[in-house]
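Structure first, then comments.
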Amino acid sequence: MTDIDKPTPARMRIAVLYGGQSGEHDVSIMSAGSVMEYLDETRFEVTPIFIDRDGRWSHPMEGLRAFDAVFPVLHGPMGEDGTVQGLCRLLNVPCVGPGVLGSAVGMDKLAFKDIMRARNLPSVPYVAVTRADWRDRTAEITARIAEVTGFPCFVKPANMGSSVGITKVKQPSDLPAALAEAFRWDRKALVEWAVPRARELEVSVLGNDHPEASVVGEIMPLREFYTYEAKYLDTGLEASKLMIPAPIPEPLALLIRETAIEVALAIDARGLARVDFLMDGSPRGTTPTAGEVFVSEANTMPGFTSISMYPKLWEASGLPYSALLSRMIDLSLEDAQTT
């Protein structure tokens, strides 16, 4: 039989979920567009499944059983938080990215912080605030924030990504407005110490039982911090600068990469995660934490647009975008066979 006569292997059927109910709906659409463009069409037959802002699906949920794997390009609550991952588990269909536990912990910044503390991994000092606590104990919580984080500090929704709902607070009088903004997105908020002259470092992690880490990248936002607008809307001279690899000493880069793998294993982020760090960029001796690096957060379905850091870091590490997507699907199939 000649090569021409050989039957063509059947392509795997992949459902790409996108949109969703979270505040990151538009980011998901951008990410999914890139993913579908770069998935290897010789290996995969792709079906896009749109989820609108009210949670309506363009295809029936139970129809996911017909696919070889689900690729949930969903960011934020009701997509990246373990809900869709649990649905896939119930339907017995492989799902790209971490499972229920890893996704839920990666999404909930407070649960993530608790695990970092339990594993003695360095994280930024913080105060957890619920909507009810703030309403009932405003003065007490304000005093607690002043003691633990001081000012300036950052106020964030506990369950949100892409810098949605984040405010930098420079004085106590700005706290009510910042918390009101965070509570628009979640009933829980995180108030974090603002790392002096913070350098934002990121590492892409890929793998199941023995994950690997990419080179370290650095984001240099032109805005005061890496806002939603800086991530997805700014262009030209307004765009943030990505430094890949980050201009840091090699021993420090190695430590950060090793820590990123520790973080992924600690939260059971099987498949993939982007682990973010903050480094005090102050000259040594000018602040108590000058040169120290802190774990910031882990994203279990990071942005996948053409300008997103996760694929760019792997590309710089020798794994092109299309091959990365194929590897992520393969990892989901491998994981489904062992769980």
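Whether a residue is surrounded by fewer than 16 Cβ atoms within 10 Å (Cβ to Cβ), at pLDDT 95 or above, of a type outside the set (S, T, N, Q) and over 24 Å from ALA260 (Cα atoms) was assessed, and PRO122 does not pass this test. Within segment 1-20, if we keep just the residues that are modelled with pLDDT of 95 or more and in a loop (DSSP other than H, G, I, E, B), the residue that is nearest to LEU324 (Cα to Cα) turns out to be ARG11. The residues on offer are ALA246, ALA269, ALA253, ALA213, and the sole one that is in a helix (DSSP H, G or I) and at pLDDT 95 or above is ALA253. Restricting attention to segment 257-285, the residues that are touching a residue at least 12 places away in the same chain (Cβ under 8 Å) and more than 28 Å from ALA104 (Cα to Cα) total 3.
Evaluation of THR42 against the conditions (1) in contact with a Pro (Cβ under 8 Å, 6 or more places away or on another chain); (2) outside any helix (DSSP H, G or I); (3) among the β-branched types (Val, Ile, Thr) shows that the sole unmet condition is (1). Taken over segment 303-339, residues that are assigned to a loop (DSSP other than H, G, I, E, B) and modelled with pLDDT of 95 or more amount to 4. Taking first residues from segment 203-217 that are assigned by TED's automatic domain parsing to the domain that holds LEU254 and partners that are at pLDDT below 95 and in a strand (DSSP E or B), the Cβ contacts under 9 Å between residues at least 6 apart in sequence or on separate chains come to GLY217/LEU242.
Yes or no: GLY106 part of a helix (DSSP H, G or I) and more than 15 Å from the chain's Cα centre (by Cα)?
In short, no.
Could you check, for segment 26-38, whether at least one of its residues is in contact with a Lys or Arg (Cβ under 7 Å, 6 or more places away or on another chain), closer than 15 Å to ILE329 by Cβ and modelled with pLDDT of 95 or more? No, because not a single residue in segment 26-38 is in contact with a Lys or Arg (Cβ under 7 Å, 6 or more places away or on another chain), closer than 15 Å to ILE329 by Cβ and modelled with pLDDT of 95 or more.
Here is a check on your reading of the model: is ALA104 among the small types (Gly, Ala, Ser) and under 21 Å from VAL205 (Cα atoms)? Spell out the reasoning first.
Working: among the small types (Gly, Ala, Ser): yes; under 21 Å from VAL205 (Cα atoms): yes.
In short, yes.
Inspection of segment 68-82 finds no residue satisfying the criterion of being surrounded by fewer than 17 Cβ atoms within 10 Å (Cβ to Cβ) and either at pLDDT 95 or above or in a helix (DSSP H, G or I) (or both).
The values are calculated or read from the model by the stated rules, or taken from the named source; none is laboratory data. All values reported here derive from a predicted model rather than from experimental measurement. No Cβ is skipped: glycine too gets one built from the backbone with ideal geometry, and neighbour counts run over all protein chains shown.
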